[in-house]
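Asks: If you scroll down you'll find the structure; I have some questions about it.
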Amino acid sequence: MASAVNRWHDAIGYPLQTISENFMITVTDLKKTYHMGDIEVNALNGVSFEIKKGEFVAIMGPSGSGKSTLMNLIGCLDTPTSGTYVLDGDMVSQLDDVELAAARAAKLGFIFQQYNLLPRQTALRNVELPLIYRGISGAERHRRAAAALEIVGMKERTDHKPNELSGGQQQRVAIARALSGSPSVILADEPTGALDTKTSAEIMDILQRLNREQGLTVVLVTHEYDVAAYAGRVLTMRDGELVGDEKQTPRMTTQVVTMAGVAGK
Amino acid sequence: MATNIATLEGRGTTKSASSADIVFAPLQGSGSVSWSEIARTAFDSLLANRVRSFLTMLGVIIGVASVVALMALGDGASQSITSQIQSIGTNLLFIAPGQLNRGPGSGNIAAQNLSLDDYEAIVALKLPLNGVAPVAQTGGTLVAAAADKQVSIVGTTPSYAPLHSFEMAAGTFFDEVQARDGTAVVVLGANVAKDLFGSGQAVGQTVRLNGQPLRVIGVLKAKGGGGFGSVDDNAFMPIKYAQQRFANMRTADGNKYRVSSITLSVTNAQDIEGVQGRISALLRDRHGLDSDGSEDDFTILSQAAFLSTLNTITGLLTAFLAAVAGISLLVGGIGIMNIMLVSVTERTREIGLRKAVGARSRDILLQFLVEAVALSLTGGLLGLALGFMVATLVTLSGVLTASVSLFSVSLAVGFAVIVGLFFGIYPAQRAAKLNPIDALRYE
Ligand SMILES: Nc1ncnc2c1ncn2[C@@H]1O[C@H](COP(=O)(O)OP(=O)(O)O)[C@@H](O)[C@H]1O
Ligand SMILES: [Mg+2]
């Protein structure tokens with residue numbers, strides 16, 4: 001880790017003390033340009049911000065403003081055209097494919113709008129997936145995946161296949177999968193985009209609980225104010241630029257009891 | 001609000017503290033996917049498309065089955081031919097007049113320049129032989145009381161019988177005394193005895209040849225269809241008798257008795273070539289060929305050389321058939337590549353997801369490669385079973401004994417695995433190269 005910090009330090013020439021131990025995500029002048037034939041699309045046009053460990057951040061903005069592009073970069077799924085990205089002290093923008101895969105496995109948990117569960121596999125097996133790629137052997141993997149499903153209130157559904165579950169339940173399984181690799185950061189790109197209001201609230205409650213109880217850093221893309229309200233900070237994007245960064249008092253869910261009820265069912 | 005959080009945290013600690021402790025405990029993994037997981041995922045995905053997987057395997061199944069069955073049949077055929085040839089004797093050399101190996105037309109068996117004197121000269125060499133026998137062959141009609149039959153008449157000496165491993169069904173072969181005296185006796189091949197006397201007793205009966213009576217003193221056991229005009233259709237008599245009774249028993253110059261061939265059996269297999277060389281030299285000398293350097297006017301055939309030529313031919317034939325069958329294995333491989341490419345496209349999102357949760361390109365490559373090999377190997381094993389069944393059925397039918405060799409099994413299965421690897425690598429590379437975002441976006 002120290003060497004990675006030094007690399008980062010050398011690369012951008014910042015004094016070492018500015019690298020706060022408290023920062024989980026530091027992006028500096030991040031740019032991403034897509035080439036569509038002759039046309040250049042500047043999906044990200046120089047974005048800079050920091051996210052502290054344990055923050056719950058919502059990224060908002062109109063469609064096409066670059067939210068997903070930003071999330072993909074934060075998620076180590078893509079590399080920026082220019083700019084730097086430091087994740088938990090690691091200079092991600094200089095990593096190769098193999099190191100990126102390792103960073104994803106070790107630090108990040110993804111939640112997608114379309115859940116992206118493997119359709120033929122049980123909930124448990126879906127949740128085990130990140131552990132398989134980290135070489136965790138059978139019994140331990142089982143124990144961890146079952147515990148992750150319990151956290152999201154899906155303990156009773158471990159042997160169900162995705163098509164036997166409702167959208168909300170599938171998204172819970174997806175959250176359990178994001179958790180099972182014991183990540184530091186949860187990245188969710190419109191996790192409630194396909195869910196009704198009540199189910200959305202349940203999902204947000206789980207994310208808020210993970211943020212508060214386990215100190216997980218949560219970064220979430222949404223275009224719903226109701227959903228963004230659960231975050232402690234809202235970043236606003238427009239045309240590939242960061243146009244707003246506001247702290248707010250997060251809305252606390254009143255559905256905790258309901259949720260626990262679901263968990264016990 | 002504060003109470004709310006307290007409640008929440010309180011709930012957290014009582015209700016799910018243990019599960020959270022488990023999930024967020026430090027992970028200690030090997031850092032790479034285990035082979036058993038790769039295999040499990042591979043078989044899951046193959047079983048999810050059972051019919052498609054089976055149809056894809058069919059090419060490999062048929063290919064491997066035909067390689068295994070054809071090689072078993074080829075081996076069986078070659079063994080059966082070999083044992084038939086060996087049934088006429090061991091380490092045999094045949095000496096015949098003229099050049100037999102110059103193609104049809106030029107064969108000059110009628111040269112009649114191999115004589116009984118040549119035979120006696122060979123005997124006088126005292127070579128390491130099990131035995132040697134001259135053959136004066138001609139044709140004739142044996143007439144019995146109830147039937148007559150055209151036969152091939154073999155005038156020879158008693159040593160002919162052990163040379164060709166004759167076994168008697170009844171009576172005896174003629175002995176040295178009868179041979180020296182040229183006694184009018186005959187030993188019948190199994191078919192001859194049957195055609196002349198039916199199921200009745202042949203030994204002790206008299207048959208006529210050119211009006212002259214011959215006493216039947218023995219009947220041979222049936223040998224079955226050998227390659228050389230079956231012994232079962234021959235009649236054997238002392239060579240001296242044949243020479244006295246037939247007009248065509250003289251050499252071309254009329255001075256000596258001719259022989260149609262001389263058969264000898266060499267004691268040790270490793271002496272065959274040496275013996276062949278010495279006889280060749282002797283005959284060339286006796287026929288005066290060395291003085292003007294002309295070609296041999298006789299031919300020495302070696303059973304061993306004949307066998308090895310035959311084995312080379314059957315081996316080549318088997319290899320050729322197996323190679324043709326191998327082509328169907330290749331076609332099967334192309335089918336596997338095709339289906340794997342389809343599978344990569346179908347599972348683009350899955351690949352993206354696997355990468356998002358930490359799979360490296362290497363893991364994806366290995367996954368798809370293992371799936372391709374699983375297809376071809378399963379096909380190979382099923383094909384092996386099928387080929388084995390075919391070989392067993394043929395054996396049971398009694399045509400020949402087809403035995404599946406370990407060599408053909410490892411060849412076929414090894415080839416199947418190589419086909420899977422070879423045709424699986426391209427689709428697997430396509431899968432591994434997929435960009436996770438593009439893959440996740442894929443509809
Ligand atoms: N793979 C891509 N190739 C080309 N253009 C892209 C690609 N991904 C995104 N874009 C473009 O970049 C811009 C930002 O897209 P995106 O980050 O998906 O926006 P959002 O998630 O905020 O809706 C859009 O104009 C989009 O068309
Ligand atoms: Mg988007």
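Asks: With each pseudo-label sitting 7 Å past Cα toward Cβ, what's the B:VAL123-B:VAL177 distance in nm, one decimal?
Replies: Distance between label points: 1.8 nm.
Asks: By DSSP, what percent of the beta bridges with both residues in chain B are antiparallel, rounded to the nearest 5?
Replies: Of all bridge pairs located within chain B, approximately 80 percent are antiparallel.
Asks: On each of the three principal axes of the Cα atoms of the protein assembly as shown, give max minus min coordinate, whole Å, ordered largest first.
Replies: For the protein assembly as shown, the Cα extents along the three principal axes come out at 135, 58, 41 Å.
Asks: For labels at A:GLU224 and B:SER397 in the simple 7 Å Cα→Cβ model, what's the distance in nm?
Replies: Result for the modelled spin labels: 7.1 nm.
Asks: Taking 30 Å² as the minimum loss, tell me which residues in the range A:87-110 lose that much accessible area going from the chain by itself to the full protein complex (1.4 Å probe).
Replies: Residues losing area: A:ALA101, A:ARG104.
Asks: I need the P(r) histogram for chain B: all alpha carbon pairs, bin width 20 Å from 0 out to the longest distance, whole percents.
Replies: For chain B, the binned pair fractions read 19, 30, 21, 17, 9, 4, 1 percent.
Asks: For the range B:114-296, build the convex hull from the C-alpha positions and give me its volume per residue in Å³.
Replies: Normalising the Cα hull of the range B:114-296 by residue number yields 127 Å³.
Asks: Shifting gears a bit: Counting Lys and Arg as +1 and Asp and Glu as -1, what is the net charge of the other residues whose Cβ lies under 15 Å from the Cβ of B:ASP253?
Replies: On the way: positive: B:ARG250, B:LYS256, B:ARG258, B:ARG286; negative: B:ASP117, B:ASP118, B:ASP297.
Charge balance near B:ASP253 sits at +1.
Asks: When the Kirkwood radius is taken over all Cα pairs of the range A:109-265, what Stokes-Einstein diffusion coefficient follows at 4 °C and 1.567 mPa s, in µm²/s? Walk me through the intermediate numbers first.
Replies: On the way: Rh = 15.9 Å.
Roughly 81 µm²/s, to the nearest whole number.
Asks: Rounded to the nearest 100 Å², what is the buried accessible area between A and B, both sides summed, probe 1.4 Å?
Replies: The A and B chains share an interface burying roughly 4200 Å².
Asks: Just to verify a number: FRET efficiency for A:GLU156 and A:THR197, C-beta to C-beta distance, R0 = 22 Å, to 0.05?
Replies: After rounding to 0.05, the efficiency reads 0.35.
Asks: Using a 1.4 Å probe and ignoring any ligands, DNA or RNA, find the accessible area of A:LYS53 and quote it in Å² to the nearest 10.
Replies: Using a 1.4 Å probe on the heavy atoms, I get roughly 100 Å².
Asks: Whenever you get a sec, compute what percent of the accessible area on the protein assembly as shown sits on carbon and sulfur atoms (1.4 Å probe).
Replies: On the way: 17800 of 31870 Å².
Summing carbon and sulfur atoms, their accessible area is 56 percent of the total for the protein assembly as shown.
Asks: On to the next question. May I ask you to give the solvent-accessible area per residue for the range B:114-296, in square angstrom, as obtained with a 1.4 angstrom probe? Intermediate values should be presented prior to the final figure.
Replies: Numbers: 8450 Å² over 183 residues.
Per-residue accessible area for the range B:114-296 comes out at 46 Å².
Asks: Which whole number gives the average count of other chain Cβ atoms within 10 Å of the Cβ atoms across peptide A:123-135?
Replies: The mean count of partner-chain Cβ atoms within 10 Å per residue comes to 5.
Asks: Then there's this: For the range A:125-182, what is the Kirkwood hydrodynamic radius in Å, using each pair of distinct C-alpha atoms?
Replies: Answer for the range A:125-182: a Kirkwood hydrodynamic radius of 11.0 Å.
Asks: Still on this structure, I have one more. Residue separation times 0.36 nm, minus the C-alpha to C-alpha distance between B:THR138 and B:VAL417: what's the value?
Replies: Extra length from B:THR138 to B:VAL417 when fully extended: 94.4 nm.
Asks: Taking the alpha-carbon set of chain A, what are its Rg and Dmax in Å?
Replies: Just the Cα atoms of chain A yield Rg and Dmax of 18.4, 56 Å.
Asks: Given C-alpha coordinates of the range A:164-220, what is the ratio Rg to Rh with the Kirkwood estimate of Rh? Walk me through the intermediate numbers first.
Replies: Values: Rg = 10.9 Å, Rh = 11.5 Å.
Using only Cα positions, Rg/Rh for the range A:164-220 is 0.95.
Asks: Between B:ASP438 and B:ALA319, what is the label-to-label distance in nm when each label sits 7 Å out along the Cα-to-Cβ direction?
Replies: Going from the B:ASP438 label point to the B:ALA319 one covers 4.6 nm.
Asks: Can you grab the distance from the C-alpha centre of the range A:73-152 to the C-alpha centre of the range B:169-219, Å, no decimals?
Replies: Distance between centres, Cα-based: 96 Å.
Asks: Right, something else. Considering amide H positions built from the backbone, and no H for Pro or chain starts, which residues 5 or more places from B:SER115, or on another chain, come under 5 Å of its amide H?
Replies: B:VAL259
Asks: Using mean Cβ contacts within 10 Å as the protection proxy, how do B:253-263, A:28-38, B:182-192 order, highest first?
Replies: Going by the mean number of other Cβ atoms within 10 Å, highest first, we get B:182-192, B:253-263, A:28-38.
Asks: Within the range B:114-296, what percent of beta bridges assigned by DSSP are antiparallel, to the nearest 5?
Replies: Among the beta bridges of the range B:114-296, antiparallel pairing accounts for roughly 75 percent.
Asks: May I ask you to list the residues of the range B:404-429 whose amide nitrogen lies under 12 Å from a point 7 Å from Cα along the Cα→beta-carbon direction of B:SER80?
Replies: none
Asks: Now for a separate question. Only helical DSSP H runs with n ≥ 4 go in: add -39500 (n - 2.57) per run for chain B, normalise by residue count and round the 222 nm mean residue ellipticity to 500 deg cm²/dmol.
Replies: Estimated from H runs of four or more residues: -18500 deg cm²/dmol.
Asks: With Cβ to Cβ distances under 12 Å as the rule, what net charge do the other residues near B:ALA184 carry (K, R +1; D, E -1)?
Replies: Surrounding charge for B:ALA184 is +3.
Asks: Between the alpha-carbon centers of the range B:322-348 and the range B:258-300, tell me the distance in whole angstrom.
Replies: The distance from the Cα centre of the range B:322-348 to that of the range B:258-300 comes to 59 Å.
Asks: Evaluate E = 1/(1 + (r/R0)^6) for B:ASN248 and B:PHE407, where r is the Cβ-Cβ distance and R0 equals 45 Å; express this FRET efficiency to the nearest 0.05.
Replies: For B:ASN248 and B:PHE407, the calculated efficiency is 0.30.
Asks: Calculate for chain A the 222 nm mean residue ellipticity that helices alone would give, adding -39,500 (n - 2.57) per DSSP H run of length 4 or more and normalising by residue count, nearest 500 deg cm²/dmol.
Replies: The helix contribution divided over chain A gives -11500 deg cm²/dmol.
Asks: Can you give the extra length, in nm with one decimal, that the chain gains between A:GLU99 and A:SER82 once fully stretched, where that is 0.36 nm per residue apart less the Cα-Cα distance?
Replies: Full-extension gain reported as 4.3 nm.
Asks: Which residues in the range B:347-364 place their backbone N less than 15 Å from a point set 7 Å from the Cα of B:GLN429 along the Cα-to-Cβ direction?
Replies: Answer for the range B:347-364: B:362.
Asks: Mind listing the long-range amide H neighbours of A:ALA194? Cut-off is under 5 Å, sequence gap 5 or more, other chains count too, H placed in the peptide plane at 1.01 Å from N.
Replies: Here nothing satisfies the definition.
Asks: If Lys and Arg each add +1 and Asp and Glu each add -1, what is the summed charge of the other residues whose beta carbon sits under 10 Å from the beta carbon of B:GLY155?
Replies: Numbers: positive: B:LYS240, B:ARG245; negative: none.
Summing Lys/Arg as +1 and Asp/Glu as -1 gives +2.
Asks: Rounded to the nearest 5, what % of the DSSP beta bridges within chain A are antiparallel ones?
Replies: 55 percent
Asks: Enter the Cα centre distance for the pair the range A:211-251 and the range B:373-408, rounded to the nearest angstrom.
Replies: Measuring centre to centre over Cα atoms gives 66 Å.
The values are calculated or read from the model by the stated rules, or taken from the named source; none is laboratory data. Predicted, not measured: the structure shown is a model, and the values here were computed from it. Neighbour counts are summed over all protein chains in view; Cβ atoms, including those assigned to glycine, are modelled from backbone coordinates with ideal geometry. Accessible surface areas use protein heavy atoms only, side chains included; no ligands, DNA or RNA. Shrake-Rupley method; radii C 1.70, N 1.55, O 1.52, S 1.80 Å.
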